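Below you'll find the structure, written out as C-alpha cells, and then a few comments.
The values are calculated or read from the model by the stated rules, or taken from the named source; none is laboratory data. Treat the numbers as computed from the prediction; the structure is a model and nothing was measured. To get the accessible areas, we keep the full protein, side chains included, count just its heavy atoms, and leave off ligands, DNA and RNA. Shrake-Rupley method; radii C 1.70, N 1.55, O 1.52, S 1.80 Å.
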Amino acid sequence: MTTRFPGAPAMCGVPDRPHGNRLPVRAGLGLKPEHFAEVLATRPNLGFFEIHAENYFVAGGPFHHFLTRIREHYPLSIHGVGLSIGAEQALDTAHLDRLAALLDRYEPQSFSEHLAWSTHGDWFLNDLLPLPYDQTTLNRVCDHIDQTQERLQRRILLENPATYEAQDRELPWTEKIPLKLHLMMCAGCANFRRQLDFLRRACRQYPTMRPDSPKS
C-alpha cells in the first residue's frame, strides 16, 4: 500500500518525494510545547522532530510561531492520529483538507497515520481501535489510503495495525470496591465508561451492518 519495491511504477497522481526531501537516517524526537524554547536556544544535535498533526489544526497561535522557527533548522515528520483510515464510513474530507493545508504549510519530509479506526457515525472515540483481518476491510483501507494520498499529493506511512491484548481478569473485592468508588467520583472515567458501553454495542451490531454478512 505505502511501500513500493524498487523498479515498480509510480502511483497515478501521487508524486514521489525527491531523495533530498526525506528524513535523515538519524534519531528524532517528538516535539512538545515545553521543549520549544530550549530547542531554539540550544539547537540539539538531532536528526528531526515529529509533531501530532491535530495539535496544529488552527490558523495561528504560539504552536505555529515556534514550529515555524524550529522548522527552519530541522527536518520535520508529521504524524496523524485522527483520520480513522480503518473506519467503515467515508473519510472526513474536512479533516483531510486541514491535513493538506498543514502539510502545504510546513512541507514535512514524512507524514504518517495509524492503521486503526476511531469513528462510528457521529461519534469520535478517543482511541486507536483494531480492525478485522478480512478482505472487505483490506479493500476499504486501500481505498481510504488512495483517497488520502491523492488529496495530500504524497505517499503516506502507516503504523502497524492497532491490536488489543486480553486484559480481563477477576478482580478481588479489595480492588473492586475502590474502583467502583473512583468511577462514581471521576467524570473522565465515567465518560470513558460510557464510550466503552457504546463501543460494545457498536461491535455487537458490526456483523449485521457489513455488506457481506449473511441475510436472515
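General observations
- Residue 120 long-range amide H proximity, modeled H, under 5 Å: 125
- Accessible-area rank, largest first, for 25, 58: 25, 58, with all protein chains present and a 1.4 angstrom probe.
- Once you divide the Cα radius of gyration of the range 22-165 by 2.2 N^0.38 Å, the number left is 1.11.
- Largest to smallest in accessible area, the residues 124, 66 fall in the order 124, 66 (1.4 Å probe, all protein chains included).
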